[in-house]
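Read through the structure below, which is laid out as structure tokens, and then see the notes.
The values are calculated or read from the model by the stated rules, or taken from the named source; none is laboratory data. What you see is a predicted model, and the numbers here were worked out from it, not measured in a lab. Using ideal geometry, Cβ is built from the backbone for each residue, glycine included, and neighbour counts are taken over all protein chains shown.
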């Protein structure tokens with residue numbers, strides 16, 4: 001039987017441009033659209049009118065890691081539905097979510113005031129016109145590869161992963177690298193350190209607030 005090695009390769013395989021990492025260093029909150037960002041953007045409606053949404057487990061784990069590292073994920077969506085609320089509850093993100101508001105800017109600014117943060121500390125990910133007021137104000141603006149051209153023209157970063165298939169995880173990874181947390185979390189995961197398992201963000205934010 002081959003003996004188990006005492007050390008494993010833990011060098012990160014992800015690489016981001018230095019310019020985008022520098023921009024992301026100040027970020028302390030990530031504001032996220034849902035349809036076309038956390039989901040592929042299609043709305044599946046059952047015969048009784050129920051809405052069915054598909055979410056990525058890659059995105060979910062990335063959001064947990066991000067929250068555990070000190071960057072607050074917040075969902076700002078023009079839609080509201082029981083499946084969305086259930087997913088946010090699972091991730092520990094329901095308390096600060098802004099849902100069912102067609103005008104996103106007032107809700108987003110309210111969240112920033114609540115967290116004691118400014119736009120210079122915010123990252124935003126969106127894909128369509130309702131997200132533009134947030135994207136143009138953000139320190140870091142991002143979109144998935146399939147976004148409206150007016151959005152794509154105004155962001156700092158476009159993910160390679162598609163919406164609903166790891167696009168949000170890519171932004172989470174970028175922010176973790178920029179915060180200097182990515183390698184530590186990767187090493188803990190490879191080591192099987194249970195203490196590194198990502199937990200939902202605390203109800204009081206920022207920490208110590």
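Looking at 172, 143, can you tell me which residue is touching a helix residue (DSSP H, G or I) at 6+ places or on another chain (Cβ under 6 Å), at pLDDT 95 or above, within 17 Å of residue 72 (Cα to Cα) and surrounded by 14 or more Cβ atoms within 10 Å (Cβ to Cβ)?
Sole residue among the options that is touching a helix residue (DSSP H, G or I) at 6+ places or on another chain (Cβ under 6 Å), at pLDDT 95 or above, within 17 Å of residue 72 (Cα to Cα) and surrounded by 14 or more Cβ atoms within 10 Å (Cβ to Cβ): 172.
Inspect the range 148-162 for any residue being crowded, with 21+ Cβ neighbours inside 10 Å, over 15 Å from residue 33 (Cα atoms) and modelled with pLDDT of 95 or more and give the result as yes or no.
No, the range 148-162 contains no residue that is crowded, with 21+ Cβ neighbours inside 10 Å, over 15 Å from residue 33 (Cα atoms) and modelled with pLDDT of 95 or more.
Being free of Cβ contacts under 8 Å to residues at least 40 places away in the same chain and either buried (at least 24 other Cβ atoms within 10 Å of the Cβ) or assigned to a loop (DSSP other than H, G, I, E, B) (or both) is the filter here; which residues of the range 104-134 pass it?
118
All but one of (1) farther than 17 Å from residue 185 by Cβ; (2) modelled with pLDDT of 85 or more; (3) surrounded by fewer than 19 Cβ atoms within 10 Å (Cβ to Cβ) hold for residue 39, so report the exception by its number.
So the condition that residue 39 fails would be (3).
Determine whether residue 138 is farther than 15 Å from residue 66 by Cβ and either modelled with pLDDT under 95 or part of a loop (DSSP other than H, G, I, E, B) (or both).
yes
Can you confirm whether residue 80 is closer than 16 Å to residue 33 by Cα, at pLDDT below 90 and either assigned to a loop (DSSP other than H, G, I, E, B) or touching a helix residue (DSSP H, G or I) at 6+ places or on another chain (Cβ under 7 Å) (or both)?
Criteria met by residue 80.
In the range 72-86, how many residues are crowded, with 21+ Cβ neighbours inside 10 Å and out of contact with any strand residue (DSSP E or B) (no Cβ under 6 Å at 6 or more places or on another chain)?
The total comes to 1.
Here's a check for you: in the range 185-209, which residue that is touching a helix residue (DSSP H, G or I) at 6+ places or on another chain (Cβ under 8 Å) and at pLDDT 90 or above is surrounded by the most Cβ atoms within 10 Å (Cβ to Cβ)?
So, considering only residues that are touching a helix residue (DSSP H, G or I) at 6+ places or on another chain (Cβ under 8 Å) and at pLDDT 90 or above, the one surrounded by the most Cβ atoms within 10 Å (Cβ to Cβ) is 185.
In this structure, does residue 93 turn out to be part of a loop (DSSP other than H, G, I, E, B) and under 22 Å from residue 178 (Cβ atoms)?
yes
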